[in-house]
Structure formats: structure tokens, C-alpha cells
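*Asks:* I'd like to ask some things about the structure below.
Rule-based calculations on the coordinates, nothing more; no lab input. Since we're looking at a predicted model, the values are computed, not measured. Please note: Cβ atoms are built from the backbone with ideal geometry, for glycine as well, and neighbour counts cover all protein chains shown.
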Amino acid sequence: MELVVSDLAVERGGLVVLAGVSFRLAAGGALVLRGPNGVGKTTLLRTLAGLQPAVAGSVSVPPESLAYASHADGLKAVLTVTENLAFWAAVYGTGAGAVAGAMQRMNLAALAERRAANLSAGQKRRLGLARLLVTGRPIWVLDEPTVSLDAASVELFAWVLRAHLASGGAALIATHIDLGLPEAEVLELAPFRADGPALAVAGGFDDSFDGAFG
Amino acid sequence: MIALLLRDLRLSFRAGGGFGLGLAFFLLVAVLVPLGVGPEGGTLAKIAPGILWVGALLACLLSLDRIFALDFEDGSLDLLATAPLPLEGAVAVKAAAHWLVTGLPLTLASPVLGLLLFLPERGYLWLVVSLAIGTPALSIIGAFGAALTVGLKRGGLLLGLLVLPLYVPTLIFGAEVVKRGAAGMEIGTPLAMLAAITAGATALLPFAAAAALRINLR
């Protein structure tokens, strides 16, 4: 189980923002992506998650192994904490045991019957991260996972992350703060910045439309 | 897939979910038309099939933009697209959920509203049959339109403009079934056309809608 990215170029809004990104993420490893705002961290993660095509380069990843967590938590405000997690457990086929375990580990058990609308921002974030545990996927792709978490919750999350890595998982994290993971490697993205449309976006709209069917 | 269907149904029945919105609109149309046209039974009976079908169509249109927009806003559409569920399946399931909370109640309520519009006796069966066969097409075509406009703020107007022309064949054949049924004529041809539109739309449009979603999620 290994995520290998070689010579990847990604675009946002028709402009190539990053080019020549290469790295390797093996089981048990964590890679922290750093870089100033707008450098393309989110775009890179969305490309890896398969939400948008790469402009150039290749991504090799075992099938059905990525779990993506974006800025937004994807919570339904009118559903309870349990219902929100149970839905994702059903989609990923992991079952009710995974829901209970995830709530336990992200310290959400006391909020189980609370509707997501009535959670604080930090609690929502914890619920969003608990979804990762529910997916049962080994490689986590995380976009700013610690936004709106307090110090105790960041520590809790780092502890959960470390347990995930110890059990053979891997994590790719875009973050500005120090998660307290000394073993994590850091990839500074600024040197890969592609200024302007250095690479022509292959084919334009028609090709990308065809690509959507492929 | 069943989990997604149950979630969408649950969401629409909870507060602010919009269940009953289409039904209420349909009711309003059927109540207001006799007031506007006048209580003459003959006129109402003549226009009843058309009014009922137009009402059902507009009621469906009312809740279309919710199919994907809400999931897009809270980020769950991104997560659904990266989930092990095929996006085509997700589109079909969400359209089915839309039909269950709009098309099905409309179909079940239509005989009562037919009564308000002096629909001839022979027409009731065909009204229910034509709505039951035709409204799934409205939901699936609508899901396609909603997928095309999902990233747009206030895309509701554009959605209406995109979808209404696609609704026209369903409207024509659906109203024709009821009109002929009420007049005691042969209904085979329009009914077959109506069923063909629904079957064709159900088979093809989930793929088109999923492709549109993938482009809009970039």
C-alpha cells in the first residue's frame, strides 16, 4: 500500500498552480504539505482524491484506499451525530461497530443524539474527522484538519492520527500548524509553484468533457 | 445506495426539508384555477387534464434545485463523489428520492384535485396512471438539470429555463392520456410514448448528470 506521485501538475481555474510535484507515501508514514495561501494545497489534494484531473504526471494509488476530508465537513444539520456517521458507515460498508468506535475515539459519545446543527464549530470538525475513522480507508487525505479545533482536540486528533499510522495507515495533511508528529515528513510546496499558464491545459473544455465519461 | 435513499428521505421529512412543498403548490393551483376560470363545470372539465399536468410539472420544478445544491453547499457532494458509490448510482438514487417526496404524493393526491376541476369520471384512472408513469421522468430530467447548474449561486432560474423544454414532451403526452381517457378514447399511443420518455430518461440521464457533476465539482 503506497501512494506514489510523480511529476504531477495541477490546475485551478484554468491556471497551472503546481508542477513537478513528486513524493512517495508508504504505510505508516505521514506527509505534511506546507506552503503559503493559494499555493495549491487544496487543489493538489482534490486532484489526488480524484475530484479533478491532473494536467500532467501520474498518481499511483491502490484502488479504494483513499479517504478525503475537505474544508467542509459534509454534515447534514438536521441529522444527529450518530445518523451522520451511520450514513457514511453504510456507504463504505463498515457497519455500526465502526460508528460507535469512531465516536468513542473522537470523544463524541456524549453528543451522539445531538443534531449536527446544534454542535459548535469544533465539535462539527471532530465529527467530520470521525467520518475518516468510519470509512476504514488506509490513506487519509486531509485538508486543514485542525481548523477550529481547540488545543485539547488537536492533541486528541494527533493521538488518533498516530494510532492510524501505527496500524499501517498513512496520511497526507495540508496544515499550517504543528500537529506534534515528529515522525511526519514535511513537503514545502512553494518551490513547485508554476507561475501563470506555463503549461497549456491540454485540450481545453472538449477534452475535459470527454474525460468525464472515461 | 439504500443508505443514500434513506438519508435523502429522512432529510426531506425533517424540518426545512421541503417535503410537502410541491404538494402544497399543486393544491394551490388546483384550488385557484376554478376561482379564476369560474365555476362552470363544462369549461373546467375541458381544461382539467392540462391544468392538472401543468400543476404537477411546476410543483416538481419547485424543489429541483435542492437535489444537489444542498449537498454541494455543505461539502457532502465532494465526499459522495469520492465515496465507493458510483456517481451515476448516486444521481439515480437522489432522483428516486425526489420522486418519492414530490411525484408520488402528487400522483396520490391528484384524484381529489381532479374532483375540484370537474374531471369527467372516466378520467380519474388515467390521471393517476399517467402521473405515476410520467412524474419519474420529471424527477430524472430535473436531476440532470440540477447537476448542470449545481455550482451556480441562484441557479434556480437557469435550471427552470434548461429543464422546461425537456419537460414539454412529458407534459404533452401526459395531458393527452388524461384528455383521451376522460373522453373515452383510445389512450394506447400517448401512454406508450409517455412510458418511453420515462424509460429512456431513466436509462440515459443518470450518466449525463454524473458527467455534469464531475465537471462542476472541479
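*Asks:* Would you work out the relative contact order for segment B:1-83, in percent, from Cα pairs under 8 angstrom that are 6 or more residues apart? Write out the running numbers ahead of the final one.
*Replies:* On the way: 28 pairs, mean separation 25.1, N = 83.
Worked out over segment B:1-83, it gives 30 percent.
*Asks:* Sticking with the crude label model, points 7 Å out along Cα→Cβ, report the distance from residue A:185 to residue B:115 in nm, one decimal please.
*Replies:* Roughly 7.4 nm, to one decimal.
*Asks:* Roughly how many Å is it from the Cα centre of segment B:114-146 to that of segment A:44-81, as a whole number?
*Replies:* Measuring centre to centre over Cα atoms gives 40 Å.
*Asks:* Using a Gaussian network model of chain B with C-alpha springs under 10 Å, which one of B:137, B:83, B:208 is most mobile by mean-square fluctuation?
*Replies:* B:83
*Asks:* Add -39500 (n - 2.57) for each DSSP H run of 4 or more in the protein assembly as shown, then divide by its residues: what number comes out at 222 nm, to the nearest 500 deg cm²/dmol?
*Replies:* After summing the helix terms and dividing by the residues of the protein assembly as shown, the value is -18500 deg cm²/dmol.
*Asks:* While we're on this one: Defining a contact as two alpha carbons under 8 Å apart and six or more residues distant in sequence, what relative contact order in percent does chain B show?
*Replies:* Reported relative contact order: 27 percent.
*Asks:* Another question, if that's okay. Tell me which lysines have Cα within less than 20 Å of residue B:179's Cα, excluding those fewer than 8 residues away on the same chain?
*Replies:* Cα-Cα hits under 20 Å: B:46.
*Asks:* All other residues with a Cβ under 11 Å from the Cβ of residue A:130 taken together, and with Lys, Arg as +1 and Asp, Glu as -1, what is their net charge?
*Replies:* Here the charged neighbours net out to +4.
*Asks:* In addition: Residue by residue, what Karplus-based ³J(HN,Hα) values in Hz, rounded to whole numbers, does segment B:65-72 have, using 6.51, -1.76 and 1.60 with θ = phi - 60° and x for Gly and Pro?
*Replies:* 5, 6, 4, 10, 4, 5, 5, 5
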